[in-house]
Structure formats: C-alpha cells, structure tokens
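Student: Here it is, the structure in full.
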Amino acid sequence: MSRVAIYPGSFDPLTNGHVSIVERGLEVFDRIIVAVAHNVRKSSGLFTVEERVEFIRKSFPEERVEIDTFTQTLLVDYARSRDCGVILRGLRAVSDFEYELQLANMNRRLAPDIETVFMMTEEAHFYVSSSLIKEVALFGGDVSGMVPPHVAARLHEKYQQRGQS
Ligand code: ADP
C-alpha cells in the first residue's frame, strides 16, 4: 500500500522551510499532497491561492507531489475526503510547539484514525516563516536563499507594484 501524507498550510508564499519539509517528506512517504488552505485564522493573504499553487508546482513538478486546495473544512474531514491517514507538519522553534500540540490533539480527538507526523525544521530554516519573509520583502530586504528564486522574483514585483500605486 502506498504511503501518502497531506502537508497542509497557507503557503503564502512557499519558503525554503516548506520546500525542505516536502523534500524530506518524500524520503518517508510515497506521495505528498500539499494542501493549500484558505486559513480562517489569517486574513486573505498576499498571494491568491492560484499563485501559491503555481509557486509549489514550479518547485515540485514531479508526480509524487500533488497540489490541492481546501476551504472552510476541518482538516480531518479534508484528509478523510482524500482517503489519507497522515497529516505532515513542520516544527520550527518552541513557538510553534504549543499551537501544533493543540492542533494535533484536537485533530486526534475529532479523528483518532488520522495521525499527525512532525518533522523538525532544518537548522538553516528555523527562523524562516512566510509572514517574516513578507515583512522583509516589503521593506526591500533580500529574501534570496530563504525562498525559491521564482518566489523571490514575484515578491519583488508585488511590492514594487504596491509601492507605485
Ligand atoms: P499555517 O498557516 O498552517 O501555519 P504555513 O504555510 O505557515 O501554514 O506552514 C505550513 C506548515 O509548514 C506548518 O506545519 C509549519 O509549521 C511548517 N513550516 C513553516 N515554515 C517552516 C520552516 N521554516 N521549517 C519547517 N517547517 C515550517
């Protein structure tokens, strides 16, 4: 039986931290479904869901990575609808731990048959988050090396457009 994991997140935008989790996840799972969420806890986002999907597709053209989107659904319901019993999450610093612990336990309570698997961030990416990347890019900071080159280029474009309007 093939081992499939769902890797959910906002991915607004994709960072090298996310890339590392998918790459390492592919060593453990046969297939990964990267699921882009319209997160109810975060307001609409800088990039559209279509743009976020495109960033991920460009970084992972291989068949073993599927990209999907989901809106306003419980994650466990989404996982069930995809017939998938594993949720993959990345853990950065201590700050992630509390929320992730709550989320994993809540999901276990809602769906005991679905397991959450955590991967620790690589040392090089432990401080990289989509929100910090956006803040740095907004003020003209160099984000290369922290996001894929195509994401860095679009961030640059986006903030230039904003600066001009
Ligand atoms: P969410 O809105 O669910 O937090 P994110 O796109 O911020 O979505 O993150 C998706 C997943 O990737 C989460 O499990 C998050 O902890 C993980 N992640 C984000 N950045 C990194 C990183 N730099 N290293 C490892 N994991 C990360």
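Student: Taking the range 17-26 as the search range and keeping residues that are more than 7 Å from the ligand (Cβ to nearest atom) and touching a residue at least 12 places away in the same chain (Cβ under 8 Å), which one is nearest to F55 (Cα to Cα)?
Tutor: V19
Student: Quick check, is A35 within 12 Å of the ligand (Cβ to nearest atom), in contact (Cβ under 8 Å) with a residue 12 or more places away in the chain and in a helix (DSSP H, G or I)?
Tutor: no
Student: Go through the range 97-124 and give me each residue that's in contact (Cβ under 8 Å) with a residue 24 or more places away in the chain and away from the ligand (no atom under 14 Å from the Cβ).
Tutor: Those that are in contact (Cβ under 8 Å) with a residue 24 or more places away in the chain and away from the ligand (no atom under 14 Å from the Cβ): L110, A111, D113, I114, E115.
Student: Quick one: what pairs do we get from the range 59-83, first residue farther than 28 Å from M146 by Cβ, second aromatic (F, W, Y), C-beta under 8 Å, 6+ apart or different chains?
Tutor: Every condition considered, the pairs that remain are Y78/F70.
Student: Follow-up question, since we're still on this one. Which residue, of V94, V86, V143, is within 16 Å of the ligand (Cβ to nearest atom) and within 30 Å of S2 (Cα to Cα)?
Tutor: So the residue among V94, V86, V143 that is within 16 Å of the ligand (Cβ to nearest atom) and within 30 Å of S2 (Cα to Cα) is V86.
Every read-out reported here was derived from the displayed coordinates using simple, explicitly stated rules and does not represent laboratory data. The shown structure was predicted, so the numbers you read here are calculated from the model rather than taken from an experiment. No Cβ is skipped: glycine too gets one built from the backbone with ideal geometry, and neighbour counts run over all protein chains shown.
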